[in-house]
Amino acid sequence: MTTPHPLSLRGKRLAFQYAWQGVSYMLRTQPNAWFQIGIWVVVTAVGLAFRLTAGEWCAAVLAMALVWVTEALNTAIEDVVDLASPGRHPLAGRAKDVAAGSVVVAVAASAIIGLIIFAPRFWALIP
């Protein structure tokens, strides 16, 4: 079987299939991904309850996506590093630490965005 042209319908279908395999792999192997989905559900429910503006929704969705994307990239980097350097190596460890650190930065930024959006609304509820 020949490889389909990347712009063909079959090529696009295969690209999406591979992408969903990646998401599925992340969900099967990364407990933090499930925790992040739980946070998405809570943020979405609270956002609906507080009737966020379109701009606030955009910020919240981008913040949640940032965390998800960095988690996915962290998973990919860790797997590639494990493949390239199955034993312990300082550079391999450093690469994995930096990748994990990117998730921490994304989570911190998302938490700040969440505070900016939700804190005033919660304060307004306090008598």
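No value in this document is a laboratory result; all are computed from the given coordinates. The shown structure was predicted, so the numbers you read here are calculated from the model rather than taken from an experiment. Glycine also receives a Cβ, built like all others from the backbone with ideal geometry; neighbour counts cover every protein chain displayed.
Figures for the structure shown
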item	result
When residues of the range 68-127 are limited to those that are in contact (Cβ under 8 Å) with a residue 12 or more places away in the chain and among the charged types (D, E, K, R), the one surrounded by the fewest Cβ atoms within 10 Å (Cβ to Cβ)	Arg121
Residue count for the range 35-71, restricted to those that are over 11 Å from the mean Cα position of the chain (by Cα), among the acidic types (Asp, Glu) and closer than 23 Å to Val23 by Cβ	0
Output for the range 72-92, where each listed residue is closer than 18 Å to Pro31 by Cβ and more than 8 Å from the chain's Cα centre (by Cα)	Leu73, Asn74, Thr75, Ala76, Ile77, Glu78, Asp79, Asp82
Residue check for Gln21: in contact with an Asp or Glu (Cβ under 8 Å, 6 or more places away or on another chain) and assigned to a helix (DSSP H, G or I)	no
The range 9-26 residues that are more than 17 Å from Trp68 (Cβ to Cβ), paired with ones that are of a type outside the set (S, T, N, Q) (beta carbon under 8 Å, 6 or more apart)	Arg10/Pro4; Gly11/Pro4; Gly11/His5; Lys12/Pro6; Leu14/Pro4; Ala15/Pro6
